[in-house]
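The values are calculated or read from the model by the stated rules, or taken from the named source; none is laboratory data. None of the values given here were measured: they were computed from a predicted structure. Cβ placement follows ideal geometry from the backbone for every residue including glycine, while neighbour counts extend to all protein chains displayed. SASA here: full protein model, heavy atoms, side chains in, ligands and nucleic acids out. Shrake-Rupley method; radii C 1.70, N 1.55, O 1.52, S 1.80 Å.
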Amino acid sequence: MKQSNKKHILWRYFLVVIAMIIFACMIVYDTFKTTVIYAQQWNTKADSVWLDTAEIAPERGKILADDGSVIAANLHFYTARIDWQSAAIKEDTLKRYLPGLCDSLHNFAPQKTAQQWKEELLSAKAKKKRSYRLFANLSHKEYKRLCTFPFLKKKREAGFYAEMRMLRCKPYGSMASRSIGNTGENKASKSIHGRSGLEMALDSLLYGIPGTAQRIQLTNNVVNWASIPAVQGYDITTTINVQLQDIVENALESMLIESNAVWGTAVLMEVATGEIKAISNLEWNDQANGFVEGRNNAVLGYEPGSVMKPISMMVALEDGVINNIDEKIVTGSVWTYGGRAIKDPHGGNALSPRQIIEMSSNIGMSKIVVKKYGNNPDGFRKRLMQMGFFEPYNSGIGGEQVPQFPTLGNTNADRVALTRMAFGYTTKIPPLRILGMYNAIANNGKYVRPHLVKKLSREGYPDSIIPINYVRKQVCTPENAQKLRTMLHDVVWGSHGTARKWVQSDLVEIAGKTGTAYTIENGHYGSQKRLAFCGFFPYEHPKYSCVVLMLGADRGAGASSGMVLKNIALRLYARGLLNNISDYKINNEHAEKTPTLYASHNGNRTKNLKTNLGFKNSKVFSKGSKGKGVPNVVGLDIRDAVGQLEKLGLAVRSQGIGYVASQSIQPGSAYRRGDYIYLSLRNK
């Protein structure tokens, strides 16, 4: 029996040894193939691995306001985590530092008490979460502060680590957001490029030049070694002025709310340079329950309505159709031309060119254009083309469109279309185009190119400054520009001016033109209106030109868009921004008659009003109250109220001027970060 077992065991050993010999031979053979037979191929492949290059993404350039303040830039953000499965975490160390850590976390994020932080941390530890998230989207400063907390500052022993990512941030939030634009990942290359606005229009400059890195083998690692460093993108200084942008946005939003409009756009431009100092595009959003930055309607084409008439009048003046702007033209209230009647709600039996613009006469403007181009309807479009009206502005605003005019023949229908073109129908013209021509009128006929980019720089050093550029050095003569300015002045200040009731101001003399156009619904004109006002101020020495367009307001063009422009002008005047001196000092004999003014819960501000500015009837704001939930901010000035609410993570929206009279979320109510709260302000 024993002999039999020995034979079986020896036979099994023999099989194992044979298998091992065969396996060893295979290894030797494969080694021989690799090192001898296919040595050249493997050496080539190895070289290709170590010589592989990777692209180094450049740092995207910043977008800056005209004073150098940042309005879009790349920032590092961190997600802080704890690995509770880390072997380095010691139980006694955690126990010793846990109370101090929870107190620090409570001070850092007061939404949770120290006890709640303790329970959450211990629960995560008990579950041995590998990547427990403490906080997300921390700024660099916040992350560095977190690293000083008890226990966490012992990074390895706490299992504490952070994930970093780069985000494009806008410190001023939605301010001119659509014009600034957004960025996103390119699916093909995974690199970040501009998708809209300036970010897209100037992406090639902002993006920079990618570098290359070579994979290098070190003693115990493989690293990327930069062979060609990446070149940072250009920093682009825009023409946007933060203070003016704030004024324009607030004036537009207030009127949109007051007039129940659907959307509105406003552009403020410097007359002499064509620099776009502010641009706002707001539209109603049901989800946000308020107006938010919407599509860039300032550069999209719409039928402009009567704001086209001064441009048609410019053509007539330049062609010599009109010389004496006070000479009467027979108009009437109905005129049939080309088989179609034109009705004139603003007309009279006979009107001068001044009165045609002042009273916005469709018949008068049509007759003037037909006098020159009735036998050649397409000549009107070609004349505008000669004047540069269709040339791209290259303003730097993404999605910019050029005016769209139909090419006309010589039929009755074409003649009818010509008359409609004269007063702003059968065309599509972006508001920015209308503004450019009005700006030329204010600028003695110099057709300066509107633009949003002022300067390019890299690493703090100027690279190039964008000079003033002209579409046409003179789109009309200075004499004709003066005649047009007189006509636009009559619209606001004339006894029959269409804007006289709303746009006149004793502080700022404004000139401009109203315009109304019905929207097209199912191929026909509907009941909803687009309401425009375009003008400039101060009249004698124009500094700014402005266009405002609103959809669906429950009032006329002067009372809606015209009021927006007027409010912008008055706020600029109040801040001394119209080459005027802002002086609110009140004479003592009139001090008692002044209205009550509110300063702040800071007594020094009230003292400043009473002593330095002469307002004796100044009062102190309420200090409000704090506690659990939403604080009571009724009685606070808007600055203090916003400061308290945004510190808690609430998104604040306000309406009105003065101190907080009411708030949409009741004091003490529970809330979540990101909730909207609406404040009503008043100054009486």
Looking only at aspartates and glutamates whose Cα falls under 16 Å of Lys372's and that sit 8 or more positions away or on another chain, we get Glu318, Asp319, Asp414
For the range 471-585, Kirkwood radius (reciprocal of mean inverse C-alpha pair distance, Å)
15.3 Å
Taking every pair of distinct Cα atoms and averaging 1/r, then inverting, what Kirkwood hydrodynamic radius in Å comes out for the range 335-442?
15.1 Å
D for the chain, whole µm²/s, Stokes-Einstein with Kirkwood Rh over alpha-carbon pairs at 25 °C and 0.890 mPa s: what number?
80 µm²/s
Given the Cα-Cα distance of Glu459 and Val402 and 0.36 nm per residue of separation, how much length would full extension add, in nm?
17.0 nm
What is the gain in length, in nm to one decimal, between Glu55 and Asn186 on full extension, counting 0.36 nm per residue of separation less the C-alpha to C-alpha distance?
45.7 nm
20 Å Cα-Cα reach of Lys647 towards aspartates and glutamates, excluding residues that sit fewer than 8 places from it in its own chain
Asp103, Glu142, Asp637, Asp675
Roughly speaking, what % of Cα-Cα pairs in the range 71-154 are separated by over 18 Å, rounded to a whole number?
44 percent
What list of ³J(HN,Hα) values in whole Hz, one per residue of the range 304-313 in order, does the Karplus curve 6.51 cos²θ - 1.76 cosθ + 1.60 (θ = phi - 60°) give from phi, with Gly and Pro shown as x?
x, x, 6, 5, 6, 4, x, 6, 5, 5
What the Cα atoms of the range 417-459 span along the principal axes, largest first and in whole Å, is 54, 24, 10
For Gly290, which sequence-distant residues (separation of 5 or more, or a different chain) have an amide H within less than 5 Å of its own amide H, given hydrogens modelled in the peptide plane?
Asn285
Distance histogram for the range 526-570 (every C-alpha pair counted, 10 angstrom bins, percent rounded to whole numbers):
29, 48, 18, 4, 0
Quote the Stokes-Einstein diffusion coefficient, in whole µm² s⁻¹, for the range 456-513, based on the Kirkwood radius over alpha carbon pairs, a temperature of 20 °C and a viscosity of 1.002 mPa s.
146 µm²/s
Suppose R0 equals 51 Å; then what is the FRET efficiency for Cys169 and Thr477 from their Cβ-Cβ distance, rounded to the nearest 0.05?
0.60
For the chain, what is the accessible area per residue in Å², given a 1.4 Å probe and the full set of protein chains?
51 Å²
